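> Quick one: structure below, then a few questions.
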Amino acid sequence: MFTHSEENYLKAIYHLSQQQEGGVSTNAIADKMETKASSVTDMIKKLADKALVDYVKYQGVTLTKKGEKVAIKIVRKHRLWEVFLVEKLNFTWDEVHDVAEQLEHIKSEKLTAELDAFLEYPTEDPHGDPIPDKDGQIKKSKRVTLSEIEVGERCLCVGVHDSSSDFLQYLDNHNIKLGKKMKVLSKETFDGTMVVRLKKKELPLSSRITNNLYVKKI
C-alpha cells in the first residue's frame, strides 16, 4: 500500500518521463508537484527505499518496473473516472481533473474492473489521452498538433496537450471538441497563426492554441 502523496509523485514522474528521454530532474518534479526541491528529494529517498524509483545524481529519477506498474494503474483509474464523470454525471471536460485526482486513489481493483466494464472498455479519456488496459498496455495513437497541418488539409480533433481549465473553457467557447472536423484555410509564416473552418464558421487560432490541440488527418 502506498500513500496518496507517494502515488501522486509516481504519476508525476511517469508523465514527465513520457515527455523526454532519460531521467527526470528533481527540479522538474518540484515544478510539476508545485513544491520545494528539498521536499522532492525527501520523497525520492522514500520511493527508492521501496524500490519504486532509481536516482542517479546528475542523471535524474527513473521509475523501476515496479514503480511504473503502480504509476500506470493510477493513470488508468484517473482516466476511467474522467470518462465516467463526463459520460454518466455530465461533468464538463474542464471540471473532471480535480475530482478524478481524488477518485484515482481508491484501492479496489474490483471497482476499477467493474468501472471499465460499465463504461464498455473505453480506450481514451475525455481529453483524448489513451487509457491503459487491465494489463497496463497503452494503445498509441497517430496524432499530431494542429500546427503541423498544412493549408488545405482536413483533420479531426482528438485530444489536448494542455488540459488546464482556462484552455478547455476557451475551446468550449469556440465549440472545439473531440471529434470536431476542421479544415486549415491559412497559416501565417511569421507567427504561426492559423485560420480554420469549423462547419461554416471561420476561426483564427494562435500558435499557442494550435500547438496544444491534437488532431488526426482525414
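The values are calculated or read from the model by the stated rules, or taken from the named source; none is laboratory data. What you see is a predicted model; the values in this text were computed from it and never measured. Glycine also receives a Cβ, built like all others from the backbone with ideal geometry; neighbour counts cover every protein chain displayed. We work out accessible area using only protein heavy atoms, side chains counted, and drop any ligands, DNA or RNA first. Shrake-Rupley method; radii C 1.70, N 1.55, O 1.52, S 1.80 Å.
> Only one of these is of a type in the set (Val, Ile, Thr) and either surrounded by 13 or more Cβ atoms within 10 Å (Cβ to Cβ) or without any contact (Cβ under 8 Å) to a residue 24 or more places away in the chain (or both): Val56, Val75. Name it. Steps first, please.
Numbers: Val56 fails: either surrounded by 13 or more Cβ atoms within 10 Å (Cβ to Cβ) or without any contact (Cβ under 8 Å) to a residue 24 or more places away in the chain (or both).
Being of a type in the set (Val, Ile, Thr) and either surrounded by 13 or more Cβ atoms within 10 Å (Cβ to Cβ) or without any contact (Cβ under 8 Å) to a residue 24 or more places away in the chain (or both) holds for just one of Val56, Val75, which is Val75.
> Give, as residue ranges, the helices (runs of 4 or more DSSP H) completely inside the range 1-104 that count at least 1 residues that are touching a strand residue (DSSP E or B) at 6+ places or on another chain (Cβ under 8 Å).
Helices (runs of 4 or more DSSP H) meeting the threshold: 4-17, 26-33, 37-49, 65-89.
> Hey, any hits in the range 104-117 for a residue that's within 14 Å of Leu80 (Cα to Cα) and among the hydroxyl-bearing types (Ser, Thr, Tyr)?
Checked against the condition, which is being within 14 Å of Leu80 (Cα to Cα) and among the hydroxyl-bearing types (Ser, Thr, Tyr), the range 104-117 yields at least one hit.
> Working only within the range 86-103, note down all residues that are under 24 Å from Asn175 (Cα atoms) and surrounded by fewer than 21 Cβ atoms within 10 Å (Cβ to Cβ).
Residues satisfying the conditions are Val86, Glu87, Lys88, Leu89, Asn90, Phe91, Thr92, Asp94, Glu95, His97, Asp98, Val99.
> Here is a follow-up. Return the residues of the range 171-218 that are open to solvent by 70 Å² or more (accessible area, probe 1.4 Å) and under 30 Å from Val99 (Cα atoms); say none if nothing qualifies.
The answer is Asn173, Asn175, Lys177, Lys181, Arg208, Asn211, Lys216.
> Please identify the pairs in which a residue from the range 174-202 that is in contact (Cβ under 8 Å) with a residue 40 or more places away in the chain has its Cβ atom under 6 Å from the Cβ atom of a residue that is assigned to a loop (DSSP other than H, G, I, E, B) and among the small types (Gly, Ala, Ser), counting only partners at least 6 apart or on another chain.
Qualifying pairs under 6 Å: Leu178/Gly128.
> Here's a follow-up. Yes or no: Thr64 in contact (Cβ under 8 Å) with a residue 24 or more places away in the chain and polar (S, T, N, Q)?
Against the criterion (in contact (Cβ under 8 Å) with a residue 24 or more places away in the chain and polar (S, T, N, Q)), Thr64 does not qualify.
> Taking the range 104-156 on its own, how many of its residues are open to solvent by less than 60 Å² (accessible area, probe 1.4 Å), without any contact (Cβ under 8 Å) to a residue 40 or more places away in the chain and under 19 Å from Met182 (Cβ atoms)?
Final tally of qualifying residues: 1.
> Could you say whether any residue in the range 29-47 is in contact (Cβ under 8 Å) with a residue 40 or more places away in the chain and either open to solvent by 30 Å² or more (accessible area, probe 1.4 Å) or out of contact with any Phe, Trp or Tyr (no Cβ under 7 Å at 6 or more places or on another chain) (or both)? Even if it seems obvious, please write down each step before you answer.
Pass one, the range 29-47, residues in contact (Cβ under 8 Å) with a residue 40 or more places away in the chain: 46-47.
Checking which are either open to solvent by 30 Å² or more (accessible area, probe 1.4 Å) or out of contact with any Phe, Trp or Tyr (no Cβ under 7 Å at 6 or more places or on another chain) (or both) leaves us with 46.
For the range 29-47, residues in contact (Cβ under 8 Å) with a residue 40 or more places away in the chain and either open to solvent by 30 Å² or more (accessible area, probe 1.4 Å) or out of contact with any Phe, Trp or Tyr (no Cβ under 7 Å at 6 or more places or on another chain) (or both): present.
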